[in-house]
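Remarks on the structure that follows.
Derivation of every value follows stated rules applied to the coordinates shown; laboratory data play no part. Because the structure is predicted, anything quoted here is derived from the model rather than measured. Using ideal geometry, Cβ is built from the backbone for each residue, glycine included, and neighbour counts are taken over all protein chains shown.
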Amino acid sequence: PDATRWYMISNANPWDNLKFDLDGISEVRNKFFGTLYNTYNFFAMYANLDSFSYDEEEIALEERPEIDRWILSELNTLIATVDAAFNDYEPTKAARAINAFVQENLSNWFVRLSRRRYWKGSYGTDKISAYQTLYTCLITVSKLGAPIAPFFMDRLYKDLTEARFSNIDEAKNSVHLSDFPVANMTFVDAGLERRMQKAQTIASLVLSLRQKEKIKVRQPLQKIMIPVLDAAARKEIEAVSELIKSEVNVKEIELI
């Protein structure tokens, strides 16, 4: 029996137990790679229009708008998370963290809320900060994702660093020749991340209720009521109340 069992194991087809889902591949292609590609295209289109080449002096963190400070905080938190996951040989955990950052934070929140900054005519500090911040996020994502998606991330990296951006010191022939990102914890603001997370969660819930009740976003509502458990939660929501009201098109937020 032992010899028979060994024969069966040694001659088993290793592909028989492989989990391979074509629908899952299509979903990742559309939701992650499609979103990242569209985000890069958005950046490239406006950067070319404004001739942005990162020649301007780096804008200090404290001089950047809150939305920029938030996404840079999330970016450095992501770097620490992905680095730890790779060190623990958990590429799936790293991939999911990168995916969540690109879809939820970078594309669905930062870029969407910052669009007007790229559209406006004046090429001032605010617009330069928007370009520098988005470029930093894209180039860092290309490095973080290189071990998982080597070809796509190399193409993204080359598109970001070649030609117009060839003057940047970090530009190399390939993302695989660049240094892996190191988290700068001075950029991390846990309080700001919590506040923005609350704004994202509340906006998502209100938009879901609108959809359920078939009330379109363009129709303004008088008030939403949000339960809070303590003074800290109240303070955090109040800090992002204007952003929430703008996102869900309501005139007033009542905390109960």
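Here are the numbers for this structure:
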| item | result |
| --- | --- |
| Cα coordinate range in the range 88-226, projected on the principal axes (Å, largest first) | 55, 45, 30 |
| Taking N as its residue count, the alpha carbon Rg of the range 195-250 over 2.2 N^0.38 Å | 1.11 |
| Stretch gain in nm, segment Lys31-Leu221, where the contour uses 0.36 nm per residue and the Cα spacing is subtracted | 65.3 nm |
| Residue-by-residue Karplus 3J(HN,Hα) for the range 221-231, coefficients 6.51, -1.76, 1.60, Hz, glycine and proline x | 10, 6, 7, 10, 10, 10, x, 10, 9, 8, 5 |
| Cα-based equivalent ellipsoid of the range 95-135: semi-axis lengths in Å, sorted from largest, via gyration tensor | 24, 10, 5 |
| Long-range HN-HN contacts of Leu255 with modeled amide H, under 5 Å | Ile226 |
| Exposed-loop-free span, longest in the chain, where trypsin sites (Lys or Arg not before Pro) count as exposed if DSSP calls them loop and at most 15 other C-beta atoms lie within 10 Å | 20-119 |
| Cα-based Rg of the range 31-152 normalised by 2.2 N^0.38 Å, two decimals | 1.07 |
| Calculated over the chain: convex hull of Cα atoms, volume per residue (Å³) | 208 |
| Cut-off under 5 Å, modelled amide H: who pairs with Leu221 long-range | Val250, Lys251 |
| Positive-end extreme of charge dipole, the chain - chosen from Phe151, Ala97, Gln219 (charges on Cβ) | Gln219 |
| Total charge dipole magnitude, the range 72-231, about the Cα centre, Cβ charges on Lys, Arg, Asp, Glu only, Debye to nearest 20 | 1220 |
| Under 19 Å from Lys19, Cα to Cα: aspartates and glutamates that are on another chain or at least 8 residues apart | Glu27, Glu90 |
| Globularity index of the range 150-256, i.e. its alpha-carbon radius of gyration over 2.2 N^0.38 Å | 1.62 |
